[in-house]
């Protein structure tokens, strides 16, 4: 039973690293379409209100969120690495450090999924207020990207969904580990009684 569990916990810890990197890549990519479509619409970088496309200020308004999201994704990767530093991926018996690393990764992941998703939803609403007719006219004139796509906003459901699945698996794994450790302790106790 322990052999199967050790294999499962290794897979879960590896999944935590992979999904954390996916969140990081998402944080890097979320501004891609906005930059390509909206940056050139600003006539005066010193005064963001001078724009060819009403609503294009979202590009600048999202900068603070993007920095926050990128920093959080880096913290998430570090917390996923902490699972490996504490040997959560291969330890037969968990100690307090393992539970702390699992708890820290899980709590931060849930916080990030909820808060970032809420902020991305707000940004999506602002994106939908862009004057797309003016954007199309600007794109045709200057040969820049024209898109009405909400792909980068909507993919959050997949990215954060994967993150929450990993969190559930990590918590389930910790519970399974506690059960195995309890059963092992009962077997050892029974063996001590037989010897004495």
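Annotations for the structure displayed:
- Filter result (within 24 Å of residue 115 (Cβ to Cβ), touching a helix residue (DSSP H, G or I) at 6+ places or on another chain (Cβ under 8 Å) and loosely packed, with under 15 Cβ neighbours inside 10 Å) within the stretch 23-60: 28, 29, 32, 35
- From 40, 106, residue being in a helix (DSSP H, G or I) and modelled with pLDDT under 90: 40
- One residue from 73, 106, 149, 117 being closer than 23 Å to residue 26 by Cβ, in contact with a helix residue (DSSP H, G or I) (Cβ under 9 Å, 6 or more places away or on another chain) and surrounded by fewer than 13 Cβ atoms within 10 Å (Cβ to Cβ): 149
For (1) within 30 Å of residue 105 (Cβ to Cβ); (2) part of a helix (DSSP H, G or I), each residue gets a yes or a no:
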{"position": "122", "(1), (2)": "yes, yes"}
{"position": "130", "(1), (2)": "no, no"}
{"position": "140", "(1), (2)": "no, yes"}
{"position": "159", "(1), (2)": "yes, yes"}
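- Of all residues making up the stretch 76-95, the number that are in contact with a helix residue (DSSP H, G or I) (Cβ under 9 Å, 6 or more places away or on another chain), assigned to a loop (DSSP other than H, G, I, E, B) and at negative phi: 8
The values are calculated or read from the model by the stated rules, or taken from the named source; none is laboratory data. The structure displayed is predicted, hence computed values, not measured ones. Counting neighbours? That spans all protein chains shown, and the Cβs are built from the backbone with ideal geometry, glycine included.
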